[in-house]
Structures are given as C-alpha cells and as structure tokens.
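The values are calculated or read from the model by the stated rules, or taken from the named source; none is laboratory data. Not measured: the values here are computed from a predicted model. Methodologically, a virtual Cβ is constructed for each residue, glycine included, from the backbone with ideal geometry; neighbour enumeration extends over all protein chains shown. Only protein heavy atoms, including side chains, enter the accessible area calculation; ligands, DNA and RNA are left aside. Shrake-Rupley method; radii C 1.70, N 1.55, O 1.52, S 1.80 Å.
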4 protein chains.
Amino acid sequence: MALAGAAVAALLLCATAVQAQSWMPPPESTRCPSKWGPTDERGSGNHMRAQTLLNAVKLIKTGEVIELAHPLNGAMPFFGTRRFDVHMKRTFMNQPANERGSNEELVVSEIGQVGTQFDGLAHQTHRNSFYNCFKIDDIATRTGFSKLGVEKAGMFFTRGVLIDVAGYKGVEILGDNYEITVEDLEGALKKQNLTLQPADAVIIHTGWGKLFGKDNARFVKSCPGIGVKAAEWLIAKDPILLGSDNWPVEVAPNPDPKISLPVHQIALVVNGVHLLEQLKLEELVAKNVYEFAFIMQPLKIQGGTGSTVSPVAVR
Amino acid sequence: MALAGAAVAALLLCATAVQAQSWMPPPESTRCPSKWGPTDERGSGNHMRAQTLLNAVKLIKTGEVIELAHPLNGAMPFFGTRRFDVHMKRTFMNQPANERGSNEELVVSEIGQVGTQFDGLAHQTHRNSFYNCFKIDDIATRTGFSKLGVEKAGMFFTRGVLIDVAGYKGVEILGDNYEITVEDLEGALKKQNLTLQPADAVIIHTGWGKLFGKDNARFVKSCPGIGVKAAEWLIAKDPILLGSDNWPVEVAPNPDPKISLPVHQIALVVNGVHLLEQLKLEELVAKNVYEFAFIMQPLKIQGGTGSTVSPVAVR
Amino acid sequence: MALAGAAVAALLLCATAVQAQSWMPPPESTRCPSKWGPTDERGSGNHMRAQTLLNAVKLIKTGEVIELAHPLNGAMPFFGTRRFDVHMKRTFMNQPANERGSNEELVVSEIGQVGTQFDGLAHQTHRNSFYNCFKIDDIATRTGFSKLGVEKAGMFFTRGVLIDVAGYKGVEILGDNYEITVEDLEGALKKQNLTLQPADAVIIHTGWGKLFGKDNARFVKSCPGIGVKAAEWLIAKDPILLGSDNWPVEVAPNPDPKISLPVHQIALVVNGVHLLEQLKLEELVAKNVYEFAFIMQPLKIQGGTGSTVSPVAVR
Amino acid sequence: MALAGAAVAALLLCATAVQAQSWMPPPESTRCPSKWGPTDERGSGNHMRAQTLLNAVKLIKTGEVIELAHPLNGAMPFFGTRRFDVHMKRTFMNQPANERGSNEELVVSEIGQVGTQFDGLAHQTHRNSFYNCFKIDDIATRTGFSKLGVEKAGMFFTRGVLIDVAGYKGVEILGDNYEITVEDLEGALKKQNLTLQPADAVIIHTGWGKLFGKDNARFVKSCPGIGVKAAEWLIAKDPILLGSDNWPVEVAPNPDPKISLPVHQIALVVNGVHLLEQLKLEELVAKNVYEFAFIMQPLKIQGGTGSTVSPVAVR
C-alpha cells in the first residue's frame, strides 16, 4: 500500500509537471536548418511562385477590391512606445514664374511595426537566435539586419482564406483573452465549406478590430486569438502567412503566464511563417467573402523587421 | 530677294524665340471643377474600377512578377534634405521563460517622397491652390492635409505600358537633360506595336535609373524626361498615372529656365494625374515586357502627400 | 426725456463695450520699432551686459547651486503632440584591439518647446508678425527662422528674484486657474523685502510644478499664473525674462475666453521679453532663496524658437 | 656564453615586444571601484563643489563673456551617420480673437553627440563594461541607461585653463594627425605662466576648429590632439574635464593602428573624466584668455550618453 501510495504520489507529481509544462522553443538542432534550406532568408515567402499567383488570379471574378488596412495616423492603437507621427513641413514655394508650391512630410515611426503590419523574420528571436539560426551578433547593425531583412519578402499574391471564428461562435467580438482552439478553426472552415491549402494567406476574424481606433487602451491590453495548439495546427497546413484583426495574431497575454507571445516564436523563429497584424476585416466579413485573391506589397526597407502595409482582397 | 527672304525668316524665328512664352498654369476658372467633379479628391485614381482590374488580370499569363522598386536605404539618391534613416533599436528581451527577443526600428524619413515613390494630389500647388482648387489654408494642418490625402488613393491594379524611349533612341541612357518629344513617344509605341488606353499606368524608360545608387549626385542634378508637350499629349490619353525611372518623371531642369518642374503642375494640379518616380526598370526592359498588369499599393498615410511604394509588373 | 434716454442708452452701450473689451495686441505702429532698435533680434536679451553679470556675481556667497530644471524624459507633461523620445542605439563595438564600445542616442523632440524651456522670440506671432514686426513670409524656412533664432540669445547670468506667490497666499498650490494679480506680486515682494530691478530674471512660484510628472493631465489642462495686468506690471519693471513653474508662465486658459495665452503675445511679440516655463522650484522655495545669481545657457539651435534648458540658482 | 647569448636575445625580443605593445584598457580589478567610490556615477563631476565654484567666481573681473559653442545647424561636421535636423512646423494659428500664431520645431538628432558636445560616462565602454564597472546588460534600456546618465552631471562652474598648443608650436593649425606630447603641454603652460590644479576644465587649442563648418570632410577625417601619454599626464592633474576644438579631444586616428580612440577609454571608462569636444576657441585664443571661469550646463537627458552644450568662458 505504501508502494501503491508512492506510485500514486509520483503519478500526481507527474501529472502536475505535465500540466505545468510551458511551450518552449525547440533547440536549434531541431529547427535548423529550416525546411527551405540552410541559407534561406525568406521562410514561408518562398511559397510565392508563379503558379501560386496564377491560382489566386482564378479567384478574381468580379474585380471587386476590399481593402484590409486601417489608415495610418496618430489615432491608431500603439504597442508600447511606438508611434506614427506625420510632421507636415512648411509649403516650399519655388521661385520660378510658375509659382509651384511643394509639400512633403517628415514621418517618424517604427514603421515596420505600426498599423496594419507585416512581420518579417528579423523581428523575433529565441535568445540570440533568429529563424534559420542566424545570430544577432552576426547580422545586427545600427541601421538594420544584414540578413532576413523585409526587403527580401517581395509581393504576396496568393489565395486568401478568411476563417470567421467570431461568426462561427456567434459573437461580434470574441472574449478579451479567448484562446481560439483547433476545433474552432475546423468548425468555422467546415461551416464555410473550405479547406486550407499550402501557400494560403490565412486570415482569422476575431472581431477585435472593431476596437481599433475606438478603444485603443482595451485593444492593446489583451486580445483573443490563436494559442500554441491552433498555431501549430495552422502551420502544419503550410501557409504563406497567418493574419488577424487583433494586434499580435495570437491570444494575449498567453493563458500560460510563464511565456510571452509564443506564437511569435512558433511562426517567425521556429517555422519562418510570416504574421500579419491589425487587419481591417469588417467589410470582408459583412460580405461573407471567405476565399479571395490576397495581394500585399511590403515596403522594401533594407534590413527591416517588418512593414506597415495596405493589403487587399480581390474577388 | 533670297537675302530678303532669309532676313524675313530670321526675323520670324527671332520673333518666335522672343515670343517663347513659358507654359503657365491655367487659371482656376479653366481647371476647376475637375472632370471628376467639384468635390473629387482622387483625380486619375477614379480610373480604378472593377473593369479596369479585370482588364489587367487578362494580361497575366505566366504569373511572372517583375519588381519595379529599389530597396529603401540610406544609399538611395535624395532630393534636397530628404532622407531615409533606419535606427535599429536595442533588442528587447522579454522576461518570461521562452526568452523571446524583439527587434524593431525607428524610421525617420520624408516617407511620402523618397525612393520609388508615388505622388499624391496634396504634393503640389499653383500658388495656394491644389488640384480641384482646394486651398492650402483650408486643408493644411501640422499633421497632414484634411483633403487630397494619399490614404484615399487605394490600390492600383491596371494595364501597364512601358514606353522604352531609350531603346527607341538606341541608347542606354538618354542625355542628361534630354526632353522627350511627342514624336519619341509615338515612335516608341509604334515600334512596340502598342497604343495607349484610358486608365493605363504609363511608364517611360529613360535609362536614368542606371545611375540610382551608383552616381547619386548626377542622378539628382538633372535628368532626361518628358516636357510640357509630351506630358500634355500623354495626359490627353487619360492615364491613371505617369511613371519613369528618373526622379521627377519630367525633364529637369526644364529647358525653359523660367519655370520649375511644370509637368508636376500639369499632372498633379491641373489634371489630377498621379506621378510615379524612381522606378527600377532594368529587368522589365531587358525582358522586353511592354504590356503587363501593373500593381501598386500606396501606404494609407492619412493626409499624406505621397508614399514610397513597391510596385510590380506581372505578366 | 429723449435726451436722458439717449444718455442711458449710451451709458449702457459703453458699459457693455467695456465689459466685452478683450486685451488685443497693439497695432504694429505702436509696438515697432522695438525699444532696442528697428533691427534688433534679441529683445530683453540685450540686458545681458558685463555689468549685469558682475552684479549677479556679487550675490554668490556660499557657492551653493540649486538646480531649476526637471530631467528630460518621456514621463514629462507635454503640450499637445509634443514629445521627448530617446532612442538608444545598439552599442557599436569598434574593431581594434582595445574593444571600445560606443553608445549614442537619437533624440526626436520639439526640443525648443519641451521640459524646462526657454521661449525665444520666433516662437509667437500676432497674425503674421513677430517681435519687432519681422514677418513670417520673410523669415520662415523649413529648417528654422532666418531672424530671431534662439542661437542669438546667449547665456543669461543675472540677478534672479523668486516671487513666492503661493507662499504669500499661504497655499501649497494656487487654484487650477487662479489669475495672479498685481497686488499678489506687490504683497509677496514686500513680504520678501525685495524690489525688482531692470535685467532681473523674475521667477514666480505658483506651486503648480508639484504636479509635474505626477499628474500630467491636470498639469497641462489649466494652470494658475499671471494674467494681462500682472504681466504688464512686471514688464514695466524691465526684466530679462519672466519664468514660472507652470507650463506657460501665464494663467491658462485666460479668464477672458475670447483670447488665447495673451501674455505670450505681450511678452514675446509686443515687448520682446523672454519666457521660461516649467521650472523646478521646490528646493528654492523650501530654502527661502528669494534673490540669487541666475544662470542659464540655451542651446544655440540656429533659427530655433526656443530651447530646453538646465538653469540654476547660485547663492 | 650560449646561455648568456640566449638571455640577451630574449631581452632584445622582450624590449621589441614592449615597444610594440599597444595601450590596453586595464583589467576591471585595477580600475574598479573608482576613486569616487563603488557606486559612483559622476566621476570627475564630483569635483563640482561649492568651493570649486567660489574659486572660479574670483576669476571674474570684467564680466566679459566669451562663447565657446558653435551654432547648431545642418552645416556642422558630423561623425558617421549623426545629424542635426530641424524641421520647422507649419505656423499654428490659434482661433481666438488675439490671432496668436505659434511656431515650434521638431529636432531629430543624436543630440548627445553632435556639435559642441559634452561626453557623459555612458558613452563609452571597454567590452561590456563602463566606468566603475557598470555592465551594459544591467543598465541599457531602449530609452537610455539606468545608471551613468548625463542628467546626473549638473552644472560645471569651475576654473578654466586654455592650453594653447598651436600657439606654443607657432602654427595656426597643428598637423592633421599630430600627437600632442607631454612636453608640448608643459611648454605651453610654462609660456602661459600657469599650472594646472585639481577640478580645472582643461581646454586644449589645436587650431582644428578653424575647419569646423568650412572643410567638414577634413575636420572629421583625422585631427591633431593628445595621445595616450598626454592624456595620462593630464588626468594625473585631476581635472574636471578635458576639452578641445577638434572632434574627439584626442589625436585621430591614433598613431598606433591597433587601437581606436584610446583616450576615450582612458578618460571616460578608466578614470571617469569627462570630455568636451568641438569647442569654438578662436575668440579665447585671439584675446589671450588662458585662465577664466568656465560655465557649462549639460541638458538633463535622462539616461543620456552626453549633451550638446553652450559653454562659455567668463573673465
């Protein structure tokens, strides 16, 4: 009995341990080299082939364009100390006879990481190690990264799939820190009669975007979104990117208080899958557009960690 | 008599030279309201309709993407005091157990007016008057313009036509201040067996882009390009934009020393036709791609005068 | 009767007019040229003569230095969209054998107008007209003003006089929009047994500085301070500057709702008297230091409107 | 004998090695804790005591002020990518009846390290170690350093001594990479009939400042200045700071090609002695003012590495 009692205690201990086990980034030996090769700097961006584009073109039937980006201004929600400041200069009046006035603005912003934004592969690390095990000390300079820069991403023109999780759950907005489950994704896709394919731009509707510019404090304080399990399920489908209408794509803070935004590491560091944050999805959702041509052109910021973008859906 | 005839001819020539009336912006009564209506803020951008996009889609055959933008960095040529500075922040190491490092950059730039750039309608004036006769005092604020902002431009997805003037003239690069004539445009188009249509993105190859990042001082000092007559001929074709591989689309300085960049006023102020500057055209030219789907997504900078962009040609 | 009625009507009209009369900037004919001459750009800064400095030196007895500036950081109160952002760059490690690491910060700030700040004469206008009737269109450039720039101010080293109005009124902090009267100033000076002299740096303690960095929202929403009458009384004493621990030296909003910060115009535009805002006065007040050598070195920002400063009192 | 021969050879080898030995930063065990105590963050700034100020006041006889700072503008020489950009905002016209126009400028600059500039103790390291052995990882944040920030420096008001080395050598400007020797310093001081005392602001005239704003390319390419030996000799005199009219106080590049700006480490890291660069010394030299009251007020940039300053000499 004493023995049995010890066994039970051990089992309990074990169960507790398992329960307490946080997700941790896998060792470099497991995740490197990446599936795109040991020198690859583009990760999921490699999906962007001619056939990918041609497949997306077939989804264009009416020519209707639905914009997925919020306007860039100082009233956007910002994470931490980030900002987007436009300083309009005084009008410069050229002297010649045609009296040509010229205007231009100085913009001061973490422009890779504000507004509707695309995350490049230099944005995140595990300790000192990026996607494909590039090291900070090897590639960081004061003016950008010598590898993994967003200028290498190129245009995205691929099949887009909207997974309307809020709609599937019958709510306008998912709960403030609701973790989207694999079942939610499967259920919503089934309801929409769609399946995911490699190279898809997968876009998840949480409803959180309704707070953008309306209740910025709440918008950045937390958000519903995918967690570790849903992210791993989605990444197994081999997408070109994961996007959402919340600020980090993933649930925040993570239900596991020991880890910080793990999906950022799972996507960007471990798998080289891009993220796309703070999408404007109201029109897409209202029109029930679940499958479309997705087009996005990140700025070619040399050595940059990401880019604010103006993506669209076309059907 | 022959002498007398020559004298008369000389006098006539002289009179013409003296007459040499500079181009001047037409009075507001002539140019306002714009053909797009008295409250219009989009000018040629109104061409961007569903059918325009569908027509462009038909030009996509192979799915090949040709990028038309230079990378954004401090080694680009800059006009005047403009700059593009990327200040990479120290890596922020989040405390939780997954040791997630985060990188982001502060960008300080006249981002509407650097690199491969799209000119919006708030960029230029005649005296105090913009396109459609909006007035500076009515729409200028310290953080942008309340009308005509580039956030209203939307995506461009239309037929693109490359007019290879350098190729037509049999040179790598047109002369440093060569003014492209109407005959050059007609000749090049005829050689390419193409005609312009309304809503076209018209792109002119001067070869000047070969100096970009290589000889920046020469790049911005002058350039070959269209002058007043060629601009008016092109705008009569009703394009969605005029683009080129030089810095101002037009010849600079203007052969007429009394006026400063008149094509900027003809296009942006008088006709509301967008400009697209500093395109990277080498690949397009090398592959003889003269007709293609042109795709461009300006940033949605609220109240902005323009946007650096990453346009592409797709065929 | 008719006569009496008319007289009453006239009196009523007069009373209404008097009541309604706001302070207004005097016409240029009255205020220009300034008392310092028609080309003067330094205004009250002309008081800074050798004898002024020698007089101040006599006030130095113990060598004790009392700092009057708040530290510059992002937690300061800011007016409108102003900011003070320090972006520390990545450590630059020089290659040679001595392994010398170098740090530097990019600062983005309206640095002439944040923190403890000195107002230059290019800061304010009446319509298009500055101090000494310089005109905006004549002196404004995109990078500063060609006249009246703060680089011309030089060091201030003069007699400083603290007028402890809060102490005189027996409160820690004057009311949120209390207008300091001439009687307050006279009473406080009498209590302190001091009289004002030409070239004094006159510093008014309202207690409002206690909110600096503690309740920033309240700090900038309103403040106690001098109004039109007290300002005119002080300026008649011919000071080198007027300073205070609130954000605009003067009461805000002005009790007369028809006018905006009139003391800014009375001091800077009409009389060319400098202002010094957001002083840290707690130590000076606690030690009852009412007369001292005042030392301040504005940055020499060419064409600038002002300068954040680190003034001190020495006794 | 063979043995003796070997010993001689060894000695010769050793001598050569010693000769070839570059200066290297001493180990932490030697330089920490600093002479100002193990938690000290002010280094030589601790000299700034009441008596120091009183001693300096005694040097003020005529009240004449000689400015030692260059104006801050875009035409200054800059080291590397540093800059000083003033972006004047559009005039803001307040609505009320007094028509008050307001001007302000956005400044974008490495403001701790441009123009006439004061080097704080967070500016330089040996590997990861600062003055008093503070470590980068312990005190660096994205917005400044939590220790050693320039906001702790306070005002400098002390005896200033000009050592006119160029004058002593009978030249206008010392050679482009002339290393000032101990003999030069001793000779110049003797000629000037002065000796150094603890707490002095020691200012060295090389003549290099004549190139400031005139030949910026040459100004920053190299410069004459003190080397390792002269720096160690000066620091043994216990100064409050070492200043000069060149860009790094010290000779650059160092005659020993294996080390980079060693005086920066000797002064800032090893001894905690401040540096003051790019002084404007022409007037001081022209007037033969060798001893004076030196006054300087660094900005209180929290966590900053230095500050552009407007120091003066008063006699």
field: Accessible heavy-atom area order of B:296, B:48, highest first, probe of 1.4 Å
entry: B:48, B:296
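Quote the total accessible area buried by chains B and A together, excluding ligands, DNA and RNA, probe 1.4 Å, nearest 100 Å². List each step's numbers first, then the result.
Values: alone 15700 and 15680 Å², together 24780 Å².
About 6600 Å² of accessible surface is lost on pairing.
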task: Would you please state which residues of the stretch B:70-97 a label at residue A:81 would reach in this model, taking the label point 7 Å out along Cα→Cβ and a backbone N cut-off of under 11 Å?
output: B:89-90
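Between residue A:32 and residue C:24, what FRET efficiency follows from the Cβ-Cβ distance if R0 is 51 Å, with the result rounded to 0.05? Mind dumping the intermediate values first?
Numbers: r = 73 Å, r/R0 = 1.43.
For R0 = 51 Å, the calculated efficiency reads 0.10.
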message: At 1.4 Å probe radius, can you tell me the per residue accessible area of chain C in Å²?
response: 37 Å²
- prompt: Once fully extended, how much extra length lies between residue B:218 and residue B:233, figured as 0.36 nm per residue of separation less the alpha-carbon to alpha-carbon distance?
  reply: 2.6 nm
message: Please report, for residue D:58, the nm distances (one decimal) from its label point, 7 Å out from Cα along the beta-carbon direction, to the equivalent points in the remaining copies, shortest first.
response: 2.1, 9.5, 9.6
- prompt: What does the accessible area of residue D:58 come to, in Å² to the nearest 10, when a probe of 1.4 Å is used?
  reply: 130 Å²
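What do you reckon, how do D:305, A:91, C:39 stack up by accessible area (1.4 Å probe), largest on top?
On the way: D:305 0, A:91 40, C:39 110 Å².
Sorted by accessible area, descending: C:39, A:91, D:305.
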- prompt: How far, in whole Å, is the nearest Cβ of chain A from the axis relating it by rotation to chain C, and which residue carries it?
  reply: A:108, 3
statement: Bounding extents of the protein assembly as shown in its principal axis frame from Cα atoms, largest first in Å, are 117, 89, 87
query: Taking only DSSP H segments of four or more residues, each worth -39500 (n - 2.57), what value at 222 nm results for chain C once the sum is divided by all its residues, to the nearest 500 deg cm²/dmol?
result: -6000 deg cm²/dmol
query: Per the 1.4 Å probe, what fraction of the accessible area of the stretch A:106-234, in percent, lies on carbon and sulfur atoms?
result: 49 percent
- request: Name the residues whose placed amide hydrogens come within less than 5 Å of the amide hydrogen of residue A:223, ignoring near sequence neighbours (fewer than 5 apart) on the same chain.
  value: A:252
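Translational diffusion coefficient, Stokes-Einstein: compute it for the stretch D:104-197 using the Kirkwood radius over C-alpha pairs as Rh, at 4 °C and 1.567 mPa s, and state it as an integer in µm² s⁻¹.
Details: Rh = 17.2 Å.
Value of D from the Cα-based Kirkwood radius: 76 µm²/s.
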message: For the stretch A:88-158, compute Rg over Rh where Rg is the Cα radius of gyration and Rh is the Kirkwood radius from the inverse mean 1/r over Cα pairs.
response: 1.22
Computed over the stretch D:41-168, Cα set: Rg, Dmax in Å: 20.3, 64
- prompt: Per q in 0.20, 0.23 1/Å, what log10 I(q)/I(0) does a Debye calculation on the alpha-carbon atoms of the stretch B:233-309 return?
  reply: -1.09, -1.29
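On average, how many beta carbons from a partner chain sit within 10 Å of the beta carbon of a residue in D:302-312? Could you put the intermediate results ahead of the total?
Details: counts 9, 6, 9, 7, 3, 4, 5, 4, 12, 2, 5.
For this peptide, the per-residue mean of nearby foreign Cβ atoms is 6.
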field: chain D - convex hull of the alpha-carbon atoms, volume per residue in Å³
entry: 189 Å³
message: Run the label-point distances for residue D:24 please: 7 Å along Cα to Cβ, every other copy, nanometres, shortest first.
response: 3.8, 7.7, 7.9
task: May I ask what percent, to the nearest 5, of DSSP beta bridges between residues of the protein assembly as shown are antiparallel?
output: 70 percent
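For the stretch A:221-267, what does the convex hull of the Cα positions come to per residue, in cubic angstrom? Could you put the intermediate results ahead of the total?
Values: hull volume 3.2 nm³, N = 47.
Spelled out: Cα convex hull of the stretch A:221-267, divided by residues, is 68 Å³.
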- line: Candidate span helices, chain C: DSSP H, at least 24 Å along axis from Cα coords, Kyte-Doolittle average at least -1.0, result C:2-20
message: Please compute the volume of the convex hull spanned by the alpha-carbon atoms of the stretch C:113-257 and report it per residue in Å³.
response: 134 Å³
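Once Rh for the stretch B:172-261 is found with the Kirkwood sum over Cα pairs, what is the Stokes-Einstein diffusion coefficient at 20 °C and 1.002 mPa s, in µm²/s? Let's see the in-between values first.
Working: Rh = 13.5 Å.
The diffusion coefficient I find is 159 µm²/s.
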- prompt: Using a label point 7 angstrom from Cα along Cα-to-C-beta, what distances in nm, from shortest up, separate residue A:258 from the other copies?
  reply: 4.9, 7.1, 8.1
- line: Phi angles of the stretch D:257-264, converted by Karplus (6.51 cos²θ - 1.76 cosθ + 1.60, θ = phi - 60°) into ³J(HN,Hα) in whole Hz with x for Gly and Pro, give x, 7, 10, 10, 6, x, 5, 4
query: Considering every residue in A:123-129, what mean count of other chain Cβ atoms within 10 Å of its Cβ is obtained?
result: 5
